[in-house]
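One structure, as C-alpha cells, below. Some questions next.
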Amino acid sequence: MYVITGASGRTGRAAASHLLEHGYHVRAVGRDPRNLARLADDGAETHQADQSDPTAMATALRGADAAYLVIQPNYIPDHPDFAAFQDQAAAALTDAVTRTGVPRVVALSSWGAQHPSGTGPVAGLHRFENRLSTAPGADITWLRAGYYMENLFDHLDSVRTHRRIIAPFDPDVPLPLVTTTDVGIAAAEELARPQTGTRIRELQGERDVTMHEVAQAITTAIGAPVTYERRTVKAFHEQLREAGVSDNVAAMMTEVPRAVNTGHLRMTQPRTPETTTPTSLESFIRTEFVPALNAS
Ligand SMILES: NC(=O)c1ccc[n+]([C@@H]2O[C@H](COP(=O)([O-])OP(=O)(O)OC[C@H]3O[C@@H](n4cnc5c(N)ncnc54)[C@H](OP(=O)(O)O)[C@@H]3O)[C@@H](O)[C@H]2O)c1
C-alpha cells in the first residue's frame, strides 16, 4: 500500500492517479476529505490528516510499503514566517516516518536544494532533506523538481490584456521547466520500483527553455505576438507587496530570480533519460495554458 501525502495538491494527485490506474492500493492523505473525493471515486482509500501534526501523520503512514512526502502548499502569500511553516511540516513528517518505520520514502524537493540559503523557499527543502535523512532505516529517493510550468499561469492576465509576460528572470537564462503532472508520475514510478539506499533524482523537464522561448511558444499557439519583458527584482518585490504578499514571503520570493539569474539556483545532474521528463513547453502551452487563457 502506498501513502500519498499532499494528495489534493498537484503532484500528489498526479502520483495517486497514476498508481490507481496501474492497480495499486493507494491511501490518499489531505486535510479536507472533500478535496480527495475524486480520488476516492477512483478507488483510493482517503485519510484526513494535517502535515504539521506528527501524530496524525504517523496514523496516516502506518502500514505503508512506501510513502510520497510533500511539504505543501507551494507558498502561503500572507504568511508571517513561511520558513517556520516549512520546518514544522518537515519535523512532523520526519517524526511520523521515524515512529512508523516506513521502509521507503519518495520525497519532493527542488532544484537548488543543494544550497542552504539564497534560494527562497527552496532553502526550506534543503532543511527538509537534512531533517528527513535523520529518520533511521528509511530508504529515501529525493525528487528535485525544476521550475513548474504551472508558474506560467501567473502571467495569464498580462498575456490576455497586454500580450506580454513580465517577470524578473534574465530572458536568456535557461530554465528547467517541468509540469507537476510529470513530477507526480515520476513519484508514482519511484514508489512502485524496488529501491534501497538514498538517492537524488533531478526532474529537469523535456529541455531547458528561456523566457524568450516561452513568449515565442505562446505566440505560436495563439497566433498573436507575445513579448517578454524583464522587470527588476526590486519592482517584482514592490508588485508582490502591493498584491498583499507579506514582507516575509515577498523577501523569500525575490531570492528566487536573483538565484536563477546568477546561476546559484541550477541543476547539478547531467541531462539523461532519468532526469528528462516527457511534457514539452509547447505541449503544456497548447493543452493547459491556452485553454486557461480562453477560459476567463
Ligand atoms: N513552484 C515550483 O516551481 C516548485 C519547484 C520545485 C518544487 N516545488 C515544491 O513543490 C511543493 C508543492 O507541491 P505541489 O505543487 O504538489 O503542492 P500544491 O499543489 O501547492 O499543494 C496544494 C495543497 O496544499 C494544501 N494547502 C493549501 N493551503 C494550505 C495551508 N495553509 N496549510 C497546509 N496545507 C495547505 C491543500 O490541500 P488540503 O487542503 O486538501 O490539505 C492543497 O490541495 C512545495 O514543497 C514546493 O516548494 C515547487
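With Gly244, Gly205 as the choices, which residue is among the small types (Gly, Ala, Ser) and surrounded by fewer than 20 Cβ atoms within 10 Å (Cβ to Cβ)?
When all the criteria are applied, what remains is Gly244.
Residues in the range 65-78: is at least one crowded, with 17+ Cβ neighbours inside 10 Å, among the small types (Gly, Ala, Ser) and in contact with a helix residue (DSSP H, G or I) (Cβ under 7 Å, 6 or more places away or on another chain)?
Kept after step one, since they are crowded, with 17+ Cβ neighbours inside 10 Å, are these residues of the range 65-78: 66-72.
Next, only the ones that are among the small types (Gly, Ala, Ser) stay: 66-67.
Going one step further and asking which of them are in contact with a helix residue (DSSP H, G or I) (Cβ under 7 Å, 6 or more places away or on another chain), we end up with 66-67.
Yes, the conditions are met somewhere in the range 65-78.
Out of the residues in the range 116-138 that are in a loop (DSSP other than H, G, I, E, B) and within 21 Å of Pro73 (Cα to Cα), which is nearest to the chain's Cα centre (by Cα)?
Pass one, the range 116-138, residues in a loop (DSSP other than H, G, I, E, B): 116-121, 133-138.
So of that shortlist, the ones also within 21 Å of Pro73 (Cα to Cα) come out as 116-121.
Values: Pro116: 18, Ser117: 18, Gly118: 18, Thr119: 15, Gly120: 14, Pro121: 11 Å.
Residue satisfying both the conditions and the ranking: Pro121.
Could you please find all residues in the range 122-138 being at pLDDT 95 or above and either within 9 Å of the ligand (Cβ to nearest atom) or at positive phi (or both)?
Val122, Gly124, Leu125, Phe128
Pick from the range 75-92 the residues that are touching a Pro at 6+ places or on another chain (Cβ under 9 Å) and assigned to a helix (DSSP H, G or I): which of them is nearest to the ligand (Cβ to nearest atom)?
Step one: filter the range 75-92 for residues touching a Pro at 6+ places or on another chain (Cβ under 9 Å), giving 75, 82-83, 86, 91-92.
Checking which are assigned to a helix (DSSP H, G or I) leaves us with 82-83, 86, 91-92.
On the way: Phe82: 10, Ala83: 12, Gln86: 7, Ala91: 14, Ala92: 11 Å.
Among those residues, the one meeting the criterion is Gln86.
Residues checked against (1) near the ligand (Cβ under 8 Å from one of its atoms); (2) under 14 Å from Ile185 (Cα atoms); (3) free of Cβ contacts under 8 Å to residues at least 12 places away in the same chain; (4) crowded, with 22+ Cβ neighbours inside 10 Å:
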residue	(1), (2), (3), (4)
Met1	no, no, no, no
Ile4	no, yes, no, yes
Ala7	yes, yes, no, yes
Gly12	yes, yes, no, yes
Leu19	no, yes, no, yes
His22	no, yes, no, no
His25	no, no, no, no
Gly30	yes, no, no, yes
Gly43	no, no, no, no
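Among (1) within 9 Å of the ligand (Cβ to nearest atom); (2) surrounded by fewer than 21 Cβ atoms within 10 Å (Cβ to Cβ); (3) more than 21 Å from Ala186 (Cα to Cα); (4) not small (Gly, Ala, Ser), there is one condition Gln51 misses while meeting the rest; what is its number?
(2)
Right, next: Do any residues in the range 72-91 that are more than 20 Å from Leu240 (Cβ to Cβ) have Cβ atoms under 6 Å from those of residues that are part of a loop (DSSP other than H, G, I, E, B) and of a type in the set (Ser, Thr, Tyr), where the two are at least six apart or on different chains, and which pairs are they?
Filtered contacts from the range 72-91: Gln88/Ser52; Ala89/Ser52.
More than 11 Å from the ligand (Cβ to nearest atom), assigned to a strand (DSSP E or B) and aliphatic (A, V, I, L, M) - does that describe any residue in the range 93-101?
No, the range 93-101 contains no residue that is more than 11 Å from the ligand (Cβ to nearest atom), assigned to a strand (DSSP E or B) and aliphatic (A, V, I, L, M).
I'm trying to understand the selection: among the residues of the range 139-158, which are more than 9 Å from the ligand (Cβ to nearest atom), in a helix (DSSP H, G or I) and surrounded by 20 or more Cβ atoms within 10 Å (Cβ to Cβ)?
Of the range 139-158, the ones more than 9 Å from the ligand (Cβ to nearest atom) are 139-142, 152-158.
From what is left, the residues that are in a helix (DSSP H, G or I) are 152-158.
Result: Leu152, His155.
Away from the ligand (no atom under 12 Å from the Cβ) and not basic (Lys, Arg): does that describe Thr181? Steps first, answer last, please.
Numbers: away from the ligand (no atom under 12 Å from the Cβ): no; not basic (Lys, Arg): yes.
Judged against the criteria, Thr181 is not a match.
Testing Pro273 on (1) under 27 Å from Leu143 (Cβ atoms); (2) out of contact with any Ser or Thr (no Cβ under 6 Å at 6 or more places or on another chain); (3) touching a residue at least 40 places away in the same chain (Cβ under 8 Å); (4) of a type outside the set (S, T, N, Q), one condition comes back false. Which one is that?
All conditions are met except number (3).
Could you say whether any residue in the range 168-185 is surrounded by 14 or more Cβ atoms within 10 Å (Cβ to Cβ), hydrophobic (A, V, I, L, M, F, W, C) and part of a loop (DSSP other than H, G, I, E, B)?
Step one: of the range 168-185, the residues surrounded by 14 or more Cβ atoms within 10 Å (Cβ to Cβ) are 168-171, 173-185.
Those left that are additionally hydrophobic (A, V, I, L, M, F, W, C): 169, 173, 175, 177-178, 183, 185.
Going one step further and asking which of them are part of a loop (DSSP other than H, G, I, E, B), we end up with 169, 173.
Yes, that holds for at least one residue.
Could you tell me whether Ile166 is in contact with a strand residue (DSSP E or B) (Cβ under 9 Å, 6 or more places away or on another chain), over 27 Å from Ala292 (Cβ atoms), of a type in the set (A, V, I, L, M, F, W, C) and away from the ligand (no atom under 13 Å from the Cβ)?
Numbers: in contact with a strand residue (DSSP E or B) (Cβ under 9 Å, 6 or more places away or on another chain): yes; over 27 Å from Ala292 (Cβ atoms): no; of a type in the set (A, V, I, L, M, F, W, C): yes; away from the ligand (no atom under 13 Å from the Cβ): yes.
Answer is no for this residue.
Right, something else. How about the range 57-74: which of its residues are within 14 Å of the ligand (Cβ to nearest atom) and among the small types (Gly, Ala, Ser)? Show your work before the answer.
Of the residues in the range 57-74, the ones within 14 Å of the ligand (Cβ to nearest atom) are 57, 60, 68-74.
Listed by number, the list holds a single entry, Ala60.
The values are calculated or read from the model by the stated rules, or taken from the named source; none is laboratory data. Fair warning: this is a prediction, and the values are worked out from it, not measured in the lab. Cβ sites come from the backbone with ideal geometry, for glycine too, and all protein chains shown count toward neighbours.
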